[in-house]
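Visitor: One structure coming up, written as structure tokens, with questions to follow.
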Amino acid sequence: MEGDHGMTVILFYLLDIGHSLVEGKLEIRLWGVDPNGNSILVRDRTFAPWFHLVFRNASDAQNVLDFIRTSKAEFPKILSTCVVTGKFFGAQVTALKATCQDQELATTYAESLRKLPRVVDHIEDDIRPVDQYLLEKGLTPCAWIEAEGEKDSEKPASVRESYLLTGTIRCTEESKRPRLRVLSFTTLSFEEKGSPKPDRSPLILISAQTSEGRSVQFEAEKEEAAIVLAFAEFIREFDPDVIVGYQANSVDWPFLMGRAKALGLRLNADRMGGEPHPSVHGHISIAGRANLDLFEIVQDQAEPKVKTLQNVTEYLGIAKGTMRIEDTEVVEYWKNSEKKRKLREYLAQNAELILRLSEVFLDYATQLSSLTGLPLDQVASASMGFKVDSYLVREARRLGELIPRRVDRPYYPYRGGLVLTPKPGLHENIAVLDFTSMYPNLMLLYNISPDTLIRTGGAEAEAFRVPGLTYAFRKAPQGMYAAALENLLTERNKIKHEMNSVRHGSTEFRALEAREKAVKTIANAMYGYAGWIGARWYVKEVAESTATLGRRAIETALDAANKLQLELIYGDTDSIFVKNDVEKVAKLITTISEMLRMEIRVDKVYRRVLFTEAKKRYAGLREDGTIEVTGLEAVRGDWSEIAKNVQERVVGMILRGEDAKKAAEYVKIVIDSIRKRRVAYPELVIWKTLTKPLEEYEVRAPHVEAARQLMDEDWRLTLGDRIGYVITNAPGKLHQKARPYVKATINDIDVEYYVTGQVVPAALRILEMFGIGEDELTKQTAQWQDRRVSEFLEPKP
DNA sequence: GCGGTGCCGGTACCT
DNA sequence: ACAGGTACCGGCACCGCG
């Protein structure tokens, strides 16, 4: 591999990107892993960030260019200027490209130059230097990179090889992930008064586990400093490529960093001899390693509702019978030597669970990273909007579109999907027809995109007009949204094809599955992105037009169903529920496909489906015997388990053809057991999310009051925390009766609230349809007290 | 002073 | 901190009421 002048071709999997100013010059650092699993650093000192000024005319651009060149003193850090052409929201423009040593000055210069006459906008100065670098070189994180460089004498001790880029650098087609060294960890701190705080509550335990099977625990006897340093040393020694945690960005890292600061220690954990530091999207960056907070990935998933590490791993089936210790119990466990053992076990268990979790999500995270271009350590922290943004920035670059800045702007609401009022009652044999990927397909079909939009008129023959709106979209050239969606579609087909050629369940197969999921996620978010005010390419008309055409599509489907005299039960946005008359349904599908050039297909068939008068709430029995509940209390995270379970049972009984009377009897028995307090306490806990800081709440709501009680005892709660509370016997309004569940017992419970406020409403939602009233459920039910609930329980499918 | 009513804040869901 | 559409709870202000 060694060529003339010591030039070497370096192949590495790109894991992390950083930059630094070395003697006033920008140095880009690419961290990765070579094919043998060794860590690699490649530095590039030849890169300068840029910004653009946009003009309508080339001559205007030339004038400003001349001005900059003659006023060198005013712009000392501008290194070069040139005039380029490009597209800006689809319009051909001329731009002045200026490179500048210093990114912050670039923005200052750009803003001041923007004020000159005939400058349309200043752009791309808000793209961070490392992102500009990846864009310019066409590099993708979590992909294999080939670079030409020379061995570097200033090699940091932590990497096997370090190079200085002296030639070209490019991305290869290869995306197969190498074996990465993964370290999972979790910490515990001690505080007798409420939540631990990084500035004063000491760390007492740190557990870590490695992908090589090593498991360590650091315990503070007297010396807290020792465990912080020992953990940092362990990181350096094991030298992980990826560090995974659970709430690591919000809890563990801030604690480690805060404690190190308080104790005057250096948390030397990165590959450059430096410390972890906060970075974009609220994540903690560790140079040379990818720090991944798995909690942030789990948060995007719908289930389970309460996302503790234990709930999540049990839900995914990678753990069973996990040990749980509440934060409020830590002090008690730590102070008791017998229980302390349990605490050690608990933390070791959690480190293990985190490692197991990383095995489930690492492929998805790396695929999402290579797809969107966001570095691995940012991809979990970045919201969906920023993921799509990053993907589109790359797409734009490919298409010669200049990249607009993210700006504050007013918000304009628009109409969304169509929702029908359901036919209430129990329906037999119902087919659910779905438009496949309706919004992405509409955007593709009508070339709906920020750069193809014609806001007024649209009289041009070669434009798609949107009925009912004044907008139109040019048929050619293809817009960037359509191009992006087509790429994603092609990619998805490619993946599906590849999946057929590898063994089902193999490592390759799982990686492909993860990539398909990543591709689908981005494609589905494109419509929402278009209507998101934070989007670089926010164009309300794009989202509005898509939604309008979507309504037209489902209306067409409804008309067609009517013409076929196919009984219609319900519909929402891109789906319709009709009687499963097989011949008519087949006819309907072909008719719609011909009319709309969009695929609609039978997504599922319900043997029976139950609707009340409410939209978005129903329950169905599938042909395979499973019950599906949609929207009802049973699937909501803010109802007690007992109410949810009762509703699910009632739904099951009704859908399987049992008499409503019998279901009512079952409910009465549960009510009876509640009144006797013969229920498991955790079944009574109600969980609600804090969606804003406590002070900002205008009303006294139960979960807010429960949260306040925790706060009064110095428990720190943040936006997004789920508060578990119960309703107790305390007098007053509901919010006065609420207590954090850890602060009450079964004996404090207001059983009548759980009867009339939880179980009865949940059960009646269903049973009211069958003439059962509240009185029938709540009146004392002595004759049932000896009967067992199990009599009514059927074996689960 | 009290129950009924309607509005609104709040949360979580559906597609 | 991707969109809009929807249900429903509890608090609260307001109303009528000998």
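Visitor: Can you list the aspartates and glutamates whose alpha carbon sits under 16 Å from that of A:Lys193, skipping same-chain ones fewer than 8 residues off?
Guide: Filter leaves A:Glu326, A:Asp327, A:Glu329, A:Glu332, A:Asp712, A:Glu713, A:Asp714.
Visitor: For the range A:739-779 and the range A:694-727, what is the centre-to-centre distance using only Cα atoms, to the nearest Å?
Guide: 23 Å
Visitor: Going toward the positive end of the dipole of chain A, with +1 on Lys and Arg Cβ and -1 on Asp and Glu Cβ, which of A:Thr745, A:Val83, A:Tyr109 do you reach last?
Guide: Positive-end residue among those listed: A:Thr745.
Visitor: Any idea which of A:Pro276, A:Pro141, A:Tyr725 is furthest toward the positive side of the dipole for chain A, if Lys and Arg beta-carbons carry +1 and Asp and Glu beta-carbons -1?
Guide: Toward the positive end, the furthest listed residue is A:Tyr725.
Visitor: What is the Å³ per residue value for the convex hull set by the Cα atoms of the range A:201-281?
Guide: 103 Å³
Visitor: Lys and Arg at +1, Asp and Glu at -1: add these up for the other residues within a Cβ distance under 11 Å of A:Ala226 and post the number.
Guide: For residues surrounding A:Ala226, the net value is -4.
Visitor: Using the Cα centre as the reference, give the magnitude of the dipole from point charges on the C-beta atoms of the range A:255-304 (Lys, Arg: +1; Asp, Glu: -1; all else neutral), rounded to the nearest 20 debye.
Guide: 440 debye
Visitor: Please sort A:289-299, A:220-230 by packing, taking for each peptide the average over its residues of neighbouring beta carbons within 10 angstrom, highest first.
Guide: The packing order, highest mean first, is A:289-299, A:220-230.
Visitor: Kirkwood hydrodynamic radius (Cα pairs, Å) of the range A:546-641?
Guide: With all distinct Cα pairs of the range A:546-641 included, I get 14.8 Å.
Visitor: Could you let me know the centre-to-centre spacing of the range A:183-218 and the range A:524-539, using Cα atoms, in angstrom?
Guide: Value for the Cα centre distance between the two parts: 40 Å.
Visitor: Suppose we keep just the alpha-carbon trace of the range A:543-597; what are its Rg and Dmax in angstrom?
Guide: Expressed in Å, the Cα Rg and Dmax of the range A:543-597 come to 11.3, 36.
Visitor: For the residues A:Met443, A:Met711, what sequence is obtained by ranking on other C-beta atoms within 10 Å, fewest first?
Guide: A:Met711, A:Met443
Visitor: Once you charge only the Cβ atoms, +1 for Lys and Arg and -1 for Asp and Glu, what is the size of the charge dipole of chain A about its Cα centre, to the nearest 20 debye?
Guide: Charge dipole, chain A, about its Cα centre: 1200 debye, nearest 20.
Visitor: Hey, which of these cross-link pairs are over 32 Å Cα-Cα: A:Lys584/A:Lys661; A:Lys77/A:Lys155; A:Lys87/A:Lys520; A:Lys307/A:Lys604; A:Lys423/A:Lys475; A:Lys97/A:Lys176? Before the final figure, lay out each step's value.
Guide: Working: A:Lys584/A:Lys661 36 Å; A:Lys77/A:Lys155 29 Å; A:Lys87/A:Lys520 28 Å; A:Lys307/A:Lys604 29 Å; A:Lys423/A:Lys475 40 Å; A:Lys97/A:Lys176 36 Å.
Long pairs (Cα-Cα over 32 Å): A:Lys584/A:Lys661; A:Lys423/A:Lys475; A:Lys97/A:Lys176.
Visitor: Something else: What order do you get for A:727-738, A:9-20 when each peptide is scored by the mean count of other beta carbon atoms within 10 Å, highest first?
Guide: Packing order, densest peptide first, comes out as A:9-20, A:727-738.
Visitor: Still on this structure: How much mean residue ellipticity at 222 nm does chain A get from its helices, if each DSSP H run of length 4 or more adds -39500 (n - 2.57) and you divide by all residues, to the nearest 500 deg cm²/dmol?
Guide: It comes out at -11500 deg cm²/dmol, rounded to the nearest 500.
Visitor: In vacuo Debye scattering of chain A, one point per C-alpha: log10 I(q)/I(0) at q = 0.05 Å⁻¹?
Guide: Debye curve over Cα of chain A, log10 I(q)/I(0) at q = 0.05 Å⁻¹: -0.34.
Visitor: Counting other beta carbons within 10 Å of each Cβ, put A:Trp715, A:Trp537 in order, fewest first.
Guide: Taking fewest neighbouring Cβ atoms as first place, the list is A:Trp715, A:Trp537.
Visitor: How big is the C-alpha Rg of the range A:315-433 next to the rule-of-thumb value 2.2 N^0.38 Å, as a ratio?
Guide: Taking N as the residue count of the range A:315-433, the ratio is 1.80.
Visitor: Here is a follow-up. Hey, which of these cross-link pairs are over 20 Å Cα-Cα: A:Lys616/A:Lys644; A:Lys115/A:Lys540; A:Lys587/A:Lys616? Mind dumping the intermediate values first?
Guide: Numbers: A:Lys616/A:Lys644 17 Å; A:Lys115/A:Lys540 27 Å; A:Lys587/A:Lys616 27 Å.
Cα-Cα > 20 Å for A:Lys115/A:Lys540; A:Lys587/A:Lys616; rest within.
Visitor: Also, I was wondering about something else. Could you let me know the centre-to-centre spacing of the range A:285-353 and the range A:28-83, using Cα atoms, in angstrom?
Guide: Going from one Cα centre to the other spans 45 Å.
Visitor: A further question on this structure: Restricting things to alpha carbons, find the Rg to Rh ratio for the range A:467-624 using the Kirkwood radius for Rh.
Guide: 1.01
Visitor: Rounded to two decimals, what is the ratio between the C-alpha radius of gyration of the range A:408-517 and 2.2 N^0.38 Å?
Guide: Numbers: Rg = 19.9 Å, N = 110, 2.2 N^0.38 = 13.1 Å.
My calculation over the Cα atoms of the range A:408-517 gives 1.52.
Visitor: Here's a follow-up. In square nanometres and to one decimal, what's the mean projected area of the convex hull around the Cα atoms of the range A:222-267?
Guide: If I average the Cα hull's projected area over directions, I get 3.5 nm².
Visitor: Tell me which lysines have Cα within less than 20 Å of A:Lys197's Cα, excluding those fewer than 8 residues away on the same chain?
Guide: Once the sequence-local lysines are set aside, what remains near A:Lys197 is A:Lys222, A:Lys261, A:Lys335.
Visitor: Highest mean first, what order results for A:411-424, A:337-350, A:367-380 on Cβ atoms within 10 Å?
Guide: Highest-to-lowest ranking by the protection proxy: A:367-380, A:337-350, A:411-424.
Visitor: Residues with beta-carbon under 9 Å from that of A:Ser575, excluding A:Ser575: net charge, scoring Lys, Arg +1 and Asp, Glu -1? Walk me through the numbers on the way to the answer.
Guide: Details: positive: none; negative: A:Asp434, A:Asp572, A:Asp574, A:Asp603.
Local net charge: -4.
Visitor: Which value, in debye to the nearest 20, describes the size of the charge dipole of the range A:464-533 about its Cα centre when Lys and Arg Cβ atoms bear +1, Asp and Glu Cβ atoms bear -1, and nothing else is charged?
Guide: Dipole size: approximately 160 debye.
Visitor: What does the convex hull of the Cα atoms of the range A:708-774 come to per residue, in Å³, rounded to a whole number?
Guide: 113 Å³
Visitor: Cβ under 9 Å from A:Gln103's Cβ, A:Gln103 left aside: what net charge do those residues give with Lys, Arg +1 and Asp, Glu -1?
Guide: Local charge sum for A:Gln103: -2.
Visitor: I've got another one for you. Hey, could you pull the Cα Rg and Dmax for the range A:268-314, both in Å?
Guide: Values for the range A:268-314 (Cα only, Rg and Dmax): 14.1, 40 Å.
Visitor: Moving on. Quick check on the range A:256-350: take the gyration tensor over C-alpha atoms, sort the square-rooted eigenvalues as a ≥ b ≥ c, and tell me if it's rounded (a/c under 1.5), prolate or oblate.
Guide: Oblate.
Visitor: Report, as a whole number in µm² per second, the diffusion coefficient that Stokes-Einstein gives for the range A:545-704 at 25 °C and 0.890 mPa s using the Kirkwood radius over alpha carbon pairs.
Guide: 128 µm²/s
Visitor: Could you grab the relative contact order for chain A? Cα pairs under 8 Å, six or more apart, rounded to a whole percent.
Guide: Relative contact order, chain A: 9 percent.
Bear in mind that the values in this text are calculations on the coordinates, not laboratory data. What you see is a predicted model; the values in this text were computed from it and never measured. Counting neighbours? That spans all protein chains shown, and the Cβs are built from the backbone with ideal geometry, glycine included.
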